[in-house]
Amino acid sequence: MGEGSSKPLWVLVVLLLIAIGLVQQIADPIQLKLVPPEKHEGRGELMAQLPGQFIVASLAGFKEVIAGALWVRADTFFHEGKYEAIIPIVRLVTWLDPHNIDVYTTGAWHLDYNFVDSNQMSDKRYIPSAIALLEEGIRKNPGIWDLYFELGWTHYNKKVLDYEKALECIEKACKLPGRDPNTGKKVPRPDYTDRMLAHQYEKVGRFDDAIRQWGVARRRAEEAIARERSKGYGDETTLDVCDRNLALLYLRLAYRYGNMEAYRKGVELMERLARRNAPPELVEAAKATRADYERRKAANDPPRDALKPLDAGFEVTWKKIAPKVFILKGKINLVPVSEYKDLASEVLTHFYRDNQKLPPDQRKLWRDGCRVRWMICDYDYKMPQLKTFSYKIDKTKTVAWDSAYVSGGTFSDRIDLSQDPEFYPFKADKYRVVITFVPQQSDAPDYVQDRIGWKGEALRDKRYLDLRTQPGFRLLRKEFVLTRKDVM
Amino acid sequence: MIIWSIAKTTIGDALRKKVLQIFLVVAIGLIIISLSFSQTLSFSSRAGSSTDIMLVKSFGLGLMAVAAWLISLVMGVSLIPQEIERRTIYTILSKPVKRYEFIVGKFLGAFLTLAINVAVMGVVFIAVCVFKAWGAEQPLAREESGIPVVGMQQVGLWDWNMVWGVIMIYFQFLLLSSVVLFLSVVLTPTVNFFMGLGVYIVGVMAPLTETLASPDAKLHVVLKTFYKVLHIIVPNFDKFNITNPLLHPETQVKSIPMYTGIVTLYAILYALVMMLLAVIVFRRKEV
């Protein structure tokens, strides 16, 4: 290159600029994938509340350090009980570090559980925010199981009690691997995710899927044990957990619905478990179930405990005793001990037999443990579905729910919503009170389901049987409509 | 050979600069100090050593970026003007050295000096990351006999993403050096320093200029065109800012090596343009 004309250099510059444009075109979509943009309302307003040095530091490339410092601050607020101060920090931290999984899970847990009234009942108006936060986390971290599981188990299963939605999320979680947080290499997700999916299938009544999933969970446990053995250790208890749960599922299918093929499989599994370093009571149970199975098979007498009708005799009253203070009272025929007399599951539980051995004054008359749900809300209340996370809730709405324990065939609860006007403003003209009994866990324990079935097949009731709310299930449901006068 | 000789001299001169040595030493010192960083939160079951490592990585990458930014700016504004100020350029150009050879040698020297600085910081940084990960465990929620317990598992030691991170930092500031070196042919060092700073800020805010230039933006067409031109002309430093996905390899980002390759090419092409423009301008410059 001499010191002559500059024209060739200019041509080269133009060619290089064209090349730069082309490279930009290739880089842009990948960059969008790596750092997806997301618009958030109020971002500037919230960021402006940060101390100046935090803003400068985050712009200078220390975003994650600032996020870490803010998260430590959130911990301090947590210990001081200043829960309302934590959520704006959660918002800031997820902006600064959108891949910090812990912030989404902990933030959503705060929203679900920590805004409690004077009776320690959580403010349900924050649940949509918790779900939206987790959904944002999933959008930004779609390749890992954690947040799907969190959304399914902690929020839909435990809090919203929407088991179908919980199943959907846990199914997604079980399609994804775990990741080493330092290297990003695939690692197996925890065993319990697969077992939880099996339980969830059982809960919604998809028994074939539950059986298949117990097989998947067992295979994964076997693989984990093989890996651990290569490192010199190995814990086989997980195999026992899978086998025990699958055996119980088979036996319950037999006891509740008379499925003798399931009974045979359940007995065989029990025997296999008993052969494998099992405690004496399990050996005894395996023998007893085998004997019962052979007897019923010979006599062609399959048990169908959940198909024998049981009148629930559901009664419920809702009474105002003071402004915003109510008494919930009712009766439900779940479950008199006499109902257990000839139940097939007695082979395993011996509940009735043991109860009868007690002196008459110590004998139980009822098998307690069910729960009846209650909900009071504005008449037109529907849980909002937020497209983007916001922790600003509509403070004019009223919604509260909880459950009452059933003991001796009755339930009662004093519901005091008068102490916390911010939680329960009661601004509407009309309200709905819904009292339900759902035959699924955790409202109906296993031993209650042994009599009424997973879907409440045995349940009968003259007035309050509900077959529509949850297709395929038999619920008990009573709805009251209250005016403002009935509440205040 | 002449270009290489100028480059070698440039490297020697730059490495002897006290101010650059201070940036390097302070950065390395702080990276080592970051080993003691810890973020243990009692209300979280997941926070633990892996979170601490993430904090060290984030701090280290940020610190290297700041140091490389200062080094490229301070070095870039002075390399060519100091030759003119000290009149050493007359001695150089009186020898059989062509003007383009001088410019290319200076660019090459600056790029290599930056490479040495970033490499030294990078080696220390990666060593610190490995040391922090050594024996570190992360909480692993699991169940034993149906009872949930929180167990621990050893985290992996070697994280390739940190290597990509160091490479991204180098090429980001190679790009800034080339811009500042080009501007140093036409501007005084002080003006150039602020000009370089401005170019960097606009370049980092590329997503904003892109949004303002987009058809959805409610702006006058003249303003939109202005932002469009700005977006195309100003080097897009934001392209190199992928620290967050780098720090979270568990979020399964697959395209980082390919992306690093593409933006490296972008930086090299842009640096070549700056060098060619510097050559064109310097050929006509009165010195």
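For peptide A:26-33, the mean count of partner chain Cβ atoms within 10 Å of a residue's Cβ comes to 6.
Just subtract the alpha-carbon distance of A:ASP354 and A:THR469 from 0.36 nm times their residue separation and send over the number in nm, one decimal.
Working: separation 115, 0.36 × 115 = 41.40 nm, distance 3.83 nm.
Taking A:ASP354 through A:THR469 to full extension adds about 37.6 nm, to one decimal.
Report note on the peptides B:228-240, A:382-394, B:196-208, B:171-183: ranked by the mean count of other C-beta atoms within 10 Å, highest first, their order is B:171-183, B:228-240, B:196-208, A:382-394. Each label was represented as a point 7 Å from its Cα along the Cα-to-Cβ direction; for A:VAL116 and A:ARG229 these points are 4.6 nm apart. Report note on the peptides A:338-349, B:267-278: ranked by the mean count of other C-beta atoms within 10 Å, highest first, their order is B:267-278, A:338-349.
Between A:ASN259 and A:ALA254, the built amide H atoms are under 5 Å apart, and every one of these is 5 or more places off in sequence or on another chain.
Peptide B:231-237 is shielded by partner chain Cβ atoms: per residue, an average of 2 of them sit within 10 Å of its Cβ.
Geometric descriptor of segment A:190-303, per residue, is 93 Å³ (volume of the convex hull of the Cα atoms). Projected onto the charge dipole of segment A:190-303 (+1 at Lys/Arg Cβ, -1 at Asp/Glu Cβ, origin at the Cα centre), which of A:ASN300, A:PRO279, A:ALA224 gives the Cα projection farthest towards the positive end? Result: A:ASN300.
Treating the angle as unsigned and between 0 and 90°, give the value, to the nearest 10°, between the Cα long axis of helix A:237-257 and the longest Cα principal axis of chain A. Compared with the principal axis, the helix lies near 50 degrees.
The C-alpha atoms of chain A define a longest principal axis, and helix A:7-34 lies at about 10 degrees to it.
Across segment B:204-211, coupling constants 3J(HN,Hα) worked out from phi with the 6.51/-1.76/1.60 Karplus curve, θ = phi - 60°, read 6, 8, 3, x, 5, 5, 5, 5 Hz, and Gly and Pro carry x.
What value, in deg cm²/dmol to 500, does the helix sum -39500 (n - 2.57) over DSSP H runs of n ≥ 4 give at 222 nm once divided by the residues of the protein assembly as shown?
Only helices count here, giving -18500 deg cm²/dmol.
Partner shielding of A:99-106 amounts to 5, given as the average count of beta-carbon atoms from other chains within 10 Å of each residue beta-carbon. Beta-bridge orientation, chain A: approximately 95 percent antiparallel, per DSSP, counting only bridges with both partners inside.
Rounded to the nearest whole Hz, the Karplus-based 3J(HN,Hα) values (6.51 cos²θ - 1.76 cosθ + 1.60, θ = phi - 60°) of segment B:189-199 follow the sequence x, 5, 4, 4, 4, 6, 5, x, 4, x, 4, with x at glycine and proline.
Once both labels are positioned 7 Å from their Cα atoms along Cα-to-Cβ, the gap between B:LEU30 and A:LYS287 label points is 7.5 nm.
Listed cross-link partners A:LYS124/A:LYS382; A:LYS387/A:LYS430; B:LYS8/B:LYS285; A:LYS185/B:LYS57; A:LYS203/A:LYS462; A:LYS159/A:LYS329 are compared with a 19 Å cut-off, the Cα-Cα value being larger for A:LYS387/A:LYS430; B:LYS8/B:LYS285; A:LYS203/A:LYS462; A:LYS159/A:LYS329. Enter the angle in degrees (range 0 to 90, nearest 10) between the Cα long axis of helix A:83-96 and the first principal axis of the Cα atoms of chain A, meaning the one along which they spread out most. The answer is roughly 50 degrees. In this structure the amide hydrogen of A:CYS370, modeled in the peptide plane, comes within under 5 Å of the amide hydrogens of A:VAL406, none closer than 5 places in sequence on its chain. Per residue, the accessible area of the protein assembly as shown comes to 46 Å² when a 1.4 Å probe rolls over the protein heavy atoms. Taking only protein heavy atoms and a 1.4 Å probe, the accessible area of chain B is 70% carbon and sulfur.
How high is the FRET efficiency between A:ARG206 and B:SER214 when r is their beta carbon distance and R₀ equals 45 Å, given to the nearest 0.05? Mind showing how you got there, number by number?
Details: r = 47 Å, r/R0 = 1.05.
Approximately 0.45, to the nearest 0.05.
Using a 1.4 Å probe over the heavy atoms of the protein chains, calculate the carbon and sulfur portion of the accessible area of segment A:190-303 as a whole percent. Roughly 49 percent, rounded to a whole number.
Over the protein assembly as shown, consider all pairs of different Cα atoms and compute the Kirkwood hydrodynamic radius from their mean reciprocal separation; express it in Å, one decimal. Walk me through the numbers before you get to the answer.
Numbers: mean 1/r = 0.0321 Å⁻¹.
About 31.2 Å, per the Kirkwood formula over Cα pairs.
The values are calculated or read from the model by the stated rules, or taken from the named source; none is laboratory data. Values in this document were obtained by computation on a predicted structure and should not be read as measured data. Methodologically, a virtual Cβ is constructed for each residue, glycine included, from the backbone with ideal geometry; neighbour enumeration extends over all protein chains shown. Each accessible area value is taken on the protein alone, full model and side chains, heavy atoms only, with ligands, DNA and RNA left out. Shrake-Rupley method; radii C 1.70, N 1.55, O 1.52, S 1.80 Å.
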